[in-house]
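These notes concern the structure reproduced below.
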Amino acid sequence: MTRRALNDDDTLRRLGYRPELARRMGPFGNFALSFSIISVLSGCMTLFGFGLTTGGPAVMLWGWAFVGLMVLAVGAALAEVTSAYPVSGALYFMASKLGGPRWGYVTGWFNLLGLLGGMAGGCYGTALFTGAWLNLQWGIAPTPERTLGIFAAILLLLATLNLFGVRLVSILNSISVWWHLAGVAAIVGALVLVPSHHQSAAFVFGEFSNGTGWSNPLYVGLLGLLLAQYTFSGYDASAHLSEETKHAQISAARGIVRSIFWSWVVGFVLLAGMLFAIQDYAGTVGSATGVPPAQIFLDALGPTAAKALLLVVIVAQLFCANAGLASASRMVFAFSRDNALPLSNMWKRLSARTKTPVAAVWLSVAVPFVLALPSLHSATAYTAIVSINVIGITPAYAIPVYLRLRAGRHFVRGPWHLGSWSKPIGWIAVIWVGFVTVLFCLPAVSPVTVDTFNYAPVALLSVLALAAVLWSTRGHRSYGIPEYGTAAERDDMAENVV
């Protein structure tokens with residue numbers, strides 16, 4: 001699966017870029033970055049209540065097992081392309097090389113807005129959990145204004161941490177891995193040992209619950225897959241930080257695959273432990289805290305332990321968001337380096353001391369804050385905006401894989417590749433992403449009203465419209481990535497691929 005990698009800086013120069021970022025992240029740090037962004041203590045906990053009403057325990061566990069396998073195929077196919085193109089631009093750079101500038105430009109906007117939407121959604125979810133903890137600890141009501149204030153404080157904290165440089169980011173991500181593992185062990189251990197009552201295995205692995213209003217159980221079960229699919233996102237971070245990773249052609253590819261695999265295993269244990277510990281199903285779904293996992297902790301362990309475990313989850317979510325900001329800011333930097341964004345000269349500047357894209361970091365927290373402002377008046381409007389995360393980032397994973405399949409033998413593999421499994425795994429990845437993209441656009445609740453409408457299709461069309469307008473007005477003139485290798489290689493690519 002691997003062969004000897006080229007020197008990191010030589011590879012980068014061959015792809016057309018001058019080494020500028022500090023290459024201070026090791027293989028474990030690269031893996032830890034994507035593992036932290038996937039963050040089972042963030043995604044699983046945030047959408048736990050959603051899972052309880054869209055199929056319940058059976059769909060949550062078996063759906064996790066199945067979706068994890070499919071995402072592993074997507075990650076492996078993407079890792080193969082990452083090994084060939086280990087640059088910060090990642091997905092859009094791959095699409096540009098394999099399909100031409102329009103493919104790259106559209107992929108870049110999907111990826112960028114997905115990452116920024118993910119920052120908004122992830123940090124706002126952390127703010128909600130923090131508000132629930134403050135309510136339990138001091139009785140402070142989590143009003144929309146207070147939640148937005150907590151959200152802003154979280155963004156400022158993360159920006160400050162990221163400005164210290166990639167070495168600190170790498171250290172925090174390494175700590176994050178062990179925090180997640182120890183946190184899941186502590187949560188599951190407490191929920192196994194302390195409560196006197198547990199649900200049966202038949203309930204955990206076979207109970208189907210439908211609180212959506214839809215009558216078709218197959219449709220409801222498919223909706224329930226979104227818990228796992230939402231959680232398994234952000235692993236492209238290993239590719240975005242490849243210019244700051246040692247032995248990037250192998251380390252970044254392995255970082256993608258290993259982060260998905262271990263999140264798959266750990267997430268299954270976490271979900272099972274939480275489901276076995278449910279004391280009152282209806283009370284958990286309708287929790288006064290607004291956070292169903294907090295209600296499970298309260299019912300099973302009491303208020304003191306509940307507050308302690310809630311803090312474990314909140315810290316893990318902060319680790320997740322910190323890694324997400326590193327990924328988003330590098331995407332802003334890379335997209336600006338190729339003149340795809342307005343004011344590109346500003347966003348691609350690096351700190352002389354830390355080699356960090358300072359302006360890109362601040363932009364990557366400013367945009368999520370603006371996206372969250374509608375939450376002051378309408379939770380539905382906010383949900384519509386942050387749906388850009390999943391509806392943007394998911395198609396962006398499949399585009400480079402599809403173009404790699406289309407390129408066939410003209411694709412020059414890197415040292416990490418799938419060998420004869422490349423095509424079957426690649427097509428499984430493309431088909432799965434197409435399926436879940438449609439799934440993300442379906443209405444989740446019946447009847448469909450202004451408050452329950454799924455705005456994901458609007459988000460999808462908005463991203464496409466934004467990319468089209470910007471391409472026609474400035475992108476086709478300003479956007480461009482460095483030319484590939486030799487003149488002969490460029491001629492071959494143009495003749496056989498584009």
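Quick notes
- Those residues of the stretch 316-340 which are in contact with a Leu (Cβ under 9 Å, 6 or more places away or on another chain), of a type in the set (A, V, I, L, M) and either part of a helix (DSSP H, G or I) or free of Cβ contacts under 8 Å to residues at least 12 places away in the same chain (or both), in sequence order: Ala316, Leu318, Ala321, Ala323, Leu325, Ala326, Ala328, Met331, Val332
- Of all the criteria given as (1) of a type outside the set (Val, Ile, Thr); (2) part of a helix (DSSP H, G or I); (3) modelled with pLDDT of 95 or more; (4) under 25 Å from Val401 (Cα atoms), the one not satisfied by Gly114 is (3).
- Across the stretch 359-397, the number of residues qualifying as among the β-branched types (Val, Ile, Thr), modelled with pLDDT of 90 or more and crowded, with 19+ Cβ neighbours inside 10 Å comes to 3.
- Restricting attention to the stretch 17-43 and to residues that are of a type in the set (Gly, Ala, Ser) and surrounded by fewer than 24 Cβ atoms within 10 Å (Cβ to Cβ), the residue that is modelled with the highest pLDDT turns out to be Gly26.
- Cβ pairs under 7 Å, 6+ apart, first in the stretch 277-306 and touching a residue at least 60 places away in the same chain (Cβ under 8 Å), second in a helix (DSSP H, G or I) and acidic (Asp, Glu): Gln279/Asp299
- Residue selected from the stretch 191-200 under the condition in contact (Cβ under 8 Å) with a residue 40 or more places away in the chain and surrounded by fewer than 20 Cβ atoms within 10 Å (Cβ to Cβ), by the criterion farthest from the chain's Cα centre (by Cα): His197
- Criterion: in a helix (DSSP H, G or I), under 27 Å from the mean Cα position of the chain (by Cα), in contact (Cβ under 8 Å) with a residue 60 or more places away in the chain and farther than 27 Å from Phe435 by Cα - qualifying residue of Gly221, Gly255, Gly273, Gly267: Gly273
- Condition check for Thr437: modelled with pLDDT of 90 or more, outside any helix (DSSP H, G or I) and polar (S, T, N, Q): no
- Matching residues, the stretch 167-180, being under 13 Å from Val312 (Cβ atoms) and either of a type in the set (S, T, N, Q) or surrounded by 14 or more Cβ atoms within 10 Å (Cβ to Cβ) (or both): Ser176, Trp179, His180
- Being under 30 Å from Gly89 (Cβ atoms) and of a type outside the set (Lys, Arg) holds for only one residue in Leu270, Leu301, Leu241, and it is Leu241.
- Residue ID - nearest to Phe164 (Cα to Cα), chosen from residues in the stretch 341-367 that are part of a helix (DSSP H, G or I) and of a type outside the set (A, V, I, L, M, F, W, C): Ser364
- Enumeration of residues in the stretch 397-423 that are without any contact (Cβ under 8 Å) to a residue 40 or more places away in the chain and of a type in the set (Ser, Thr, Tyr): Tyr402, Ser420
- Test: residue in the stretch 100-110 that is surrounded by fewer than 24 Cβ atoms within 10 Å (Cβ to Cβ), not in a helix (DSSP H, G or I) and not charged (D, E, K, R): yes
The values are calculated or read from the model by the stated rules, or taken from the named source; none is laboratory data. Here the structure is a predicted model, which is why all the values come from computation and not from measurement. Neighbour counts run over all protein chains shown; Cβ positions are idealised from the backbone, glycine included.
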